[in-house]
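Take a look at the structure set out below.
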Amino acid sequence: MARPAFNTLAEQRIADIAAHTCDLPPVAEVPIEHFRRTATDSWNLVLYLERNLNRANIYGTAYDRHMARTNKMILLSLCAAFERFLKELAAICVDHLALRVLDNRLDVLSQKGSNFAAHFEARTLGKAMCESVTWLDCDEVNS
């Protein structure tokens, strides 16, 4: 079966998503401040949408459906912010302990060369080791 036709402009817009990035804010240097900023931005989005959509003439069913989806996306944003906080905190711990710890405590951060190399420009051992890890395994995070 042939691939269904898709709007070329839409394809280009999807491809451009990866280029829609910007530098991290200055608060990103302090993990808890970065988390607070991201979490606050997420909560403010909910308040903004509720405040402004309540003034508009909208259909209740559509509003409920779209707000439910928006709330799910915001919850995922909060989870991602917390995961980033854990990674940033772990990176700082590795940076402070790496030169002082000569036992096997850092062995739990096992890396593949390709993942590690992609984050090596982070300029610190902790960031390079922790950024390349997906923190979805609770046992690994606890270790």
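For the condition exposed (fewer than 10 other Cβ atoms within 10 Å of the Cβ), without any contact (Cβ under 8 Å) to a residue 24 or more places away in the chain and under 26 Å from LEU89 (Cα atoms), what is the one hit in THR40, THR21?
THR21
I need the full set of residues from the range 50-95 which are polar (S, T, N, Q) and free of Cβ contacts under 8 Å to residues at least 24 places away in the same chain, in order please.
Once the filter is applied, which keeps residues that are polar (S, T, N, Q) and free of Cβ contacts under 8 Å to residues at least 24 places away in the same chain, the range 50-95 yields ASN52, ASN54, ASN57, THR61.
Any residue at all in the range 55-67 that is surrounded by 10 or more Cβ atoms within 10 Å (Cβ to Cβ) and not in a helix (DSSP H, G or I)?
Looking for residues that are surrounded by 10 or more Cβ atoms within 10 Å (Cβ to Cβ) and not in a helix (DSSP H, G or I), one finds at least one in the range 55-67, hence yes.
If LYS72 passes every condition in (1) modelled with pLDDT under 80; (2) in a helix (DSSP H, G or I); (3) exposed (fewer than 11 other Cβ atoms within 10 Å of the Cβ) but one, which one does it miss?
For LYS72, the exception is condition (1).
Does the range 79-86 contain at least one residue that is within 21 Å of PHE35 (Cβ to Cβ) and loosely packed, with under 11 Cβ neighbours inside 10 Å?
Yes.
The values are calculated or read from the model by the stated rules, or taken from the named source; none is laboratory data. Source: prediction; values computed, not measured. Backbone-built Cβ (ideal geometry, glycine too); neighbour counts: all protein chains shown.
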